[in-house]
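Note sheet for the following structure.
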Amino acid sequence: MIDWPLAIERNREALLRIVELLFAMAGLTENVILGLDPRTATLPRHLRNRVLRILRPAESAVRRLIVIAARGISVTPRPSGERKGPPPTSVILGFNPKTSGTPSSLAKTSGARSSLARIHSVKPAAATNTPSFPLVDPRKRFDLAPRRRYAKSFPRISIIGVTEPRPIPDILVPSPDDEVGAARICRRLAALKRALEDLDGQARRLACRSAREARGGARRLPPMRPGWPPGHRRRPRHEVDEVLRECHSLARAALDAPDTS
């Protein structure tokens, strides 16, 4: 008998440590990763590739934790077209509805300011730049054409005494120390951390997605793709590889086990 809460919490703590390691490896502050700092996030090419090698299996492991946590959750999907949250309300600055009088009468009193006539709608708090964590594994692409190869040399034909040899152009070979943009990686890191901190909320998201499909909505892809998960390695090189292998086995067991809730 598997103790599901214990298994989820143990792997969640391990993944949180891995996320902290990725933050430290990137050398970026949390404000830059969350998009709160106007500075552009850049990383050396070799460091970006190293972060990606750990980030891919970490995302796959979190998706499998969400599948495990969503097991047994029963939700009622919201009808399509229903507005989420209360609509914005109109507010008249300087007017208290609990006091007697109307806005027009208050405007005639001495000391009334012109701000009384300013009407605006209360807008919800600005949402963070953190995107939602993707609940579905990226699918394998079998329709991609082979990458085209370009020649790195060219003919230098010349006539002795008549023409000069063409100069050799500068071939820009990518260097491991080149600074490359890391904005997309920062968004993925922020979404990964947010999902781990709110694993129950992500499980409800997945349960609502399954409930809408069972209700007769559009058929969607399952969260786990067939075969090995993205980022899987046959020979573990990092702690995240062991965590992904365990989470994948637990998620398969959770899907095959009968629901006794």
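Looking only at segment 213-244, filter to residues that are assigned to a helix (DSSP H, G or I) and modelled with pLDDT of 90 or more; which one of those is surrounded by the most Cβ atoms within 10 Å (Cβ to Cβ)?
Once the filter is applied, the top-ranked residue is 244.
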Residue satisfying all of: in segment 1-29; β-branched (Val, Ile, Thr) and touching a residue at least 12 places away in the same chain (Cβ under 8 Å); farthest from residue 50 (Cα to Cα) among these
2
With the structure loaded, tell me whether residue 158 is in contact with an Asp or Glu (Cβ under 8 Å, 6 or more places away or on another chain) and at pLDDT 75 or above or whether it fails that test.
yes
Single match in 175, 210 (criterion: part of a loop (DSSP other than H, G, I, E, B) and farther than 24 Å from residue 141 by Cα):
175
Residues of segment 6-32 classified as over 18 Å from residue 57 (Cβ atoms) and either touching a His at 6+ places or on another chain (Cβ under 9 Å) or at pLDDT 90 or above (or both), total:
2
So, in segment 185-212, exactly how many residues are in contact with a Gly (Cβ under 8 Å, 6 or more places away or on another chain) and either farther than 19 Å from residue 17 by Cβ or modelled with pLDDT of 90 or more (or both)?
2
Condition test on residue 251, is it of a type outside the set (Asp, Glu), under 14 Å from residue 69 (Cα atoms) and surrounded by 16 or more Cβ atoms within 10 Å (Cβ to Cβ)?
yes
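The values are calculated or read from the model by the stated rules, or taken from the named source; none is laboratory data. Just so it is clear, the structure is predicted and the values come from calculations on it, not from any experiment. Please note: Cβ atoms are built from the backbone with ideal geometry, for glycine as well, and neighbour counts cover all protein chains shown.
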